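Asker: Right, I'll just put the structure down here and ask away after.
The values are calculated or read from the model by the stated rules, or taken from the named source; none is laboratory data. Keep in mind that this is a model prediction, so the values were computed, not measured. Positions of Cβ are backbone-derived with ideal geometry, glycine not excepted, and every protein chain shown enters the neighbour counts. Ligands, DNA and RNA are excluded from the accessible area calculation, which covers all protein heavy atoms including side chains. Shrake-Rupley method; radii C 1.70, N 1.55, O 1.52, S 1.80 Å.
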Amino acid sequence: MAVLRDLLMYGMPEGQAEEHRRALGDLRKQVESHGLRCRLVERLHLPMRSGYYTPVLRPPEMDVYGGGRLVVTVTVVDVPKGGAWYLLKRPDGLPVEAHSVTGAAAAAVAIAAYASPP
């Protein structure tokens, strides 16, 4: 319960965020080999209430671009007793696919398929 409270109050632990950055870096290498461009996005929640509040670290994301447009946004999610997964989201934010972080090549192929014209 204390871990859940810390996540709600303080965001993601830095060690976990670093693991997610590393996983996104592995995926980035695979995705760029398909001719797509990637941009890692660090996310912070800045409370806008009166007084001083520290920023809350949110999970990092990676935007993938192809053909001059945003193709997908990828974030890493931790599934209890299921490991870490890449979650692919459409430009409107709707999640469409999930791939294990151990299969970065398969996730890159799926992302490249979203980038190809219909």
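Asker: Counting other Cβ atoms within 10 Å, keep those with at most 10, restrict to DSSP loop, and tell me which chymotrypsin sites (Phe, Trp or Tyr not before Pro) in region 19-118 are left.
Answerer: Passing both the DSSP loop test and the Cβ count: Y52.
Asker: Distances longer than 21 Å among the Cα atoms of the chain: what percent of all pairs is that?
Answerer: Above the 21 Å cut-off, the chain has 41 percent of its Cα pairs.
Asker: What's the carbon and sulfur percent of the chain's accessible surface, probe 1.4 angstrom, rounded to a whole number?
Answerer: Whole-percent figure for carbon plus sulfur exposure: 60.
Asker: Per residue, how much accessible surface does the chain expose to a 1.4 Å probe? Answer in Å², no decimals.
Answerer: 63
Asker: Quick one: net charge of V96's neighbours, Cβ under 13 Å, K/R +1, D/E -1?
Answerer: After counting each charged neighbour, the total is 0.
Asker: For every helix of n ≥ 4 consecutive DSSP H residues, a contribution of -39,500 (n - 2.57) applies; sum these over the chain, divide by its total residues, and give [θ] at 222 nm rounded to the nearest 500 deg cm²/dmol.
Answerer: Mean residue ellipticity, 222 nm, calculated: -11000 deg cm²/dmol.
Asker: In Å and whole numbers, how far do the C-alpha atoms of region 53-118 stretch along each principal axis, longest first?
Answerer: 43, 31, 17
Asker: Another question, then. Which is the longest stretch in the chain that no exposed loop site breaks, taking sites as trypsin sites (Lys or Arg not before Pro) with a DSSP loop state and at most 15 other Cβ atoms within 10 Å?
Answerer: The reported range is 1-48.
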